[in-house]
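Input: a single structure, listed below in structure tokens.
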């Protein structure tokens, strides 16, 4: 009976592992493109063009939803406002959203390919803010030429409060909207993980996030880099469960046959004893 419990316990653990491996990653939610997108921006690692602000190295890991594996070669496009809430290409419009006039500036905009680890790295500055919006970064993900996701990246209010005290952010006259009042941010959006480059905040930040894209539903064909461990774990888990179940069934049959044999033997002994008594 104790062996039965052990077998059932092992089966439960194996099934849990199998179920966990079969669960795909959660897709990053899409978000509005906003009014300040400009196409045709260049591929480059550093997008600052000398704009003042706290240095930020943005590292985004692009993951395939189905396999939960990093994706090699996806294109990541980034754009955001400067420390005072102004967007390039829309410098006048940034102060009056109803003004459609554009210009030729391109600062704080650019594209990068995801490397062999699925990571796209962009050197930029910490964004400022503007009316009705908290600090954020816009992004688009492409599979080749096909756009597969448009979303936004966010920072914690605590961090933005600290950076708001530094120059040039401290000279900004617009009051920053908090995350819980931001008209775009919602639970489930990417909140960037922050690491300081140096002990002091002024030394700059590394901002990291994972972007999960459903390439299959969007017609994408990005191939996950390296071995597909999710499938291996999935198949391996199924095989282990099958083996354990078969062993449990075999043991159950063996126990059943053993009991039947003992019962038959006991029955024969009783018959012989009854026969002796009659004699």
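The values are calculated or read from the model by the stated rules, or taken from the named source; none is laboratory data. As the structure is a prediction and not an experimental result, all values here were calculated from the model. As a convention, Cβ positions derive from the backbone with ideal geometry for all residues, glycine included, and neighbour counts pool all protein chains shown.
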Condition met for residue 77 (within 24 Å of residue 35 (Cα to Cα) and in the same structural domain as residue 165 (by TED's automatic domain parsing)): yes
Selected residue (criterion: surrounded by the fewest Cβ atoms within 10 Å (Cβ to Cβ)) from residues of segment 117-131 that are part of a loop (DSSP other than H, G, I, E, B), at pLDDT 95 or above and out of contact with any helix residue (DSSP H, G or I) (no Cβ under 7 Å at 6 or more places or on another chain): 117
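A quick yes/no check of all residues on (1) outside the structural domain of residue 161 (by TED's automatic domain parsing); (2) assigned to a strand (DSSP E or B); (3) at pLDDT below 50:
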| site | (1), (2), (3) |
| --- | --- |
| 199 | no, no, no |
| 206 | no, yes, no |
| 211 | no, yes, no |
| 215 | no, no, no |
| 219 | no, no, yes |
| 222 | no, no, yes |
| 235 | yes, no, no |
| 238 | yes, no, no |
Positions within segment 136-173 being farther than 16 Å from residue 31 by Cβ, under 20 Å from the mean Cα position of the chain (by Cα) and assigned to a loop (DSSP other than H, G, I, E, B), in sequence order: 156
Residue match in segment 156-166 (condition: in contact with a strand residue (DSSP E or B) (Cβ under 8 Å, 6 or more places away or on another chain), surrounded by fewer than 21 Cβ atoms within 10 Å (Cβ to Cβ) and either more than 17 Å from residue 190 (Cβ to Cβ) or modelled with pLDDT of 95 or more (or both)): yes
Checking residue 49 against (1) surrounded by 22 or more Cβ atoms within 10 Å (Cβ to Cβ); (2) closer than 26 Å to residue 170 by Cα, the condition it does not meet: (1)
